[in-house]
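Novice: Got a structure for you, questions after.
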Amino acid sequence: MSEVASLSVSVSLAAKFPWRFAALCGWMAASSLLAVRLFVSFILGVRLLGRAMPLDCETIERAVNLAKVRLGINKYVRVYGSQRMRGPVIWCWGRRPALVVPSLLQQSDIDWTGILCHELAHCKRRDHISGLLAELAVCIFPWHLLLWLAKSRLMHLSEQACDDWVIAAGQSGTDYAES
């Protein structure tokens, strides 16, 4: 009889565990960690842009102007150089877009027009907004694996679309691939 009583006590204790509360706490913890990660990446971007130096390179300035003409961009684009960068990146979260290019690669024989067309295409397509929405969806529903897959696929397809915009803007595919 005592075995049956102890079994019923252990079953009743298991039934009283607050599974909903534990799941809610897990959900809030995962969402909070992902939101903090997103915030930190934004702060690191602001910090990188703050430490970048205005660029005074005629080759890159000409490439930016040609890329803007090819893509039909009328906005002024600030150009910065940074030794911390391996490749160019565009920052679209200010009033004006800012291109940050690696300081070490400025003098090499790179076809900058195609590469900068790619970065400016991200700005023209507003990929930063769709990327932020995808990140926020993952922050809100971190347990939803299809959102993670969709976010990854969105980023991959936005890169491919910007490559297509470079080719459509008149850049030779082989020259762009070599760059």
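The values are calculated or read from the model by the stated rules, or taken from the named source; none is laboratory data. The structure presented is a predicted model; accordingly, all values stated were derived computationally and were not measured. When we count neighbours, we look across all protein chains shown, and the Cβ atoms used for this are built from the backbone with ideal geometry, even at glycine. Remember, those area values only see protein heavy atoms, side chains included, never the ligands or the DNA or RNA. Shrake-Rupley method; radii C 1.70, N 1.55, O 1.52, S 1.80 Å.
Novice: Kindly sort Met28, Met85 by accessible area of their heavy atoms, largest first, with the probe set to 1.4 Å.
Specialist: Met28, Met85
Novice: Heads up, I need the accessible area for Leu145: 1.4 angstrom probe, whole protein in place, Å², nearest 10.
Specialist: Result for Leu145: roughly 130 Å² accessible.
Novice: A further question on this structure: Give me the percent of the accessible area of region 75-179 that comes from carbon and sulfur atoms, probe 1.4 Å, all protein chains in place.
Specialist: Of the solvent-accessible surface of region 75-179, carbon and sulfur hold 57 percent.
Novice: What figure, in Å² to the nearest 10, do you get for the accessible area of Phe39 with a 1.4 Å probe and non-protein molecules left out?
Specialist: 130 Å²
Novice: Probe of 1.4 angstrom, ligands and nucleic acids ignored: what's the accessible area per residue over the chain, in square angstrom?
Specialist: Roughly 66 Å² per residue, with all protein chains present.
Novice: Per residue, what volume in Å³ does the convex hull of the Cα atoms of the chain enclose?
Specialist: Enclosed volume per residue, from the Cα hull, is 156 Å³.
Novice: Same structure again: Filter the chymotrypsin sites (Phe, Trp or Tyr not before Pro) in region 64-108 down to the DSSP loop ones having no more than 12 other Cβ atoms within 10 Å, then list what survives.
Specialist: Tyr76
Novice: What ranking do 148-159, 58-69 get when scored by the average of other Cβ atoms within 10 Å per residue, highest first?
Specialist: Descending mean neighbour count gives 58-69, 148-159.
Novice: As a test, work out the antiparallel percent of DSSP beta bridges whose residues both lie in the chain, rounded to the nearest 5.
Specialist: Here the antiparallel bridges make up roughly 50 percent for the chain.
Novice: Looking at region 13-52, which trypsin sites (Lys or Arg not before Pro) are DSSP coil and have at most 12 other C-beta atoms within 10 Å of their C-beta?
Specialist: Those that pass, being in a loop and sparsely packed, are Lys16.
Novice: Using Cα positions and a limit of under 29 Å, work out the lysines in reach of Lys68, with same-chain residues fewer than 8 apart set aside.
Specialist: Leaving aside lysines fewer than 8 places away in the same chain, those within reach of Lys68 are Lys124, Lys151.
Novice: Check the straight Cα-Cα distances from Lys75 and name the aspartates and glutamates below 18 Å, setting aside those fewer than 8 residues away within the same chain.
Specialist: Those aspartates and glutamates meeting the cut-off are Glu61, Glu119, Asp127.
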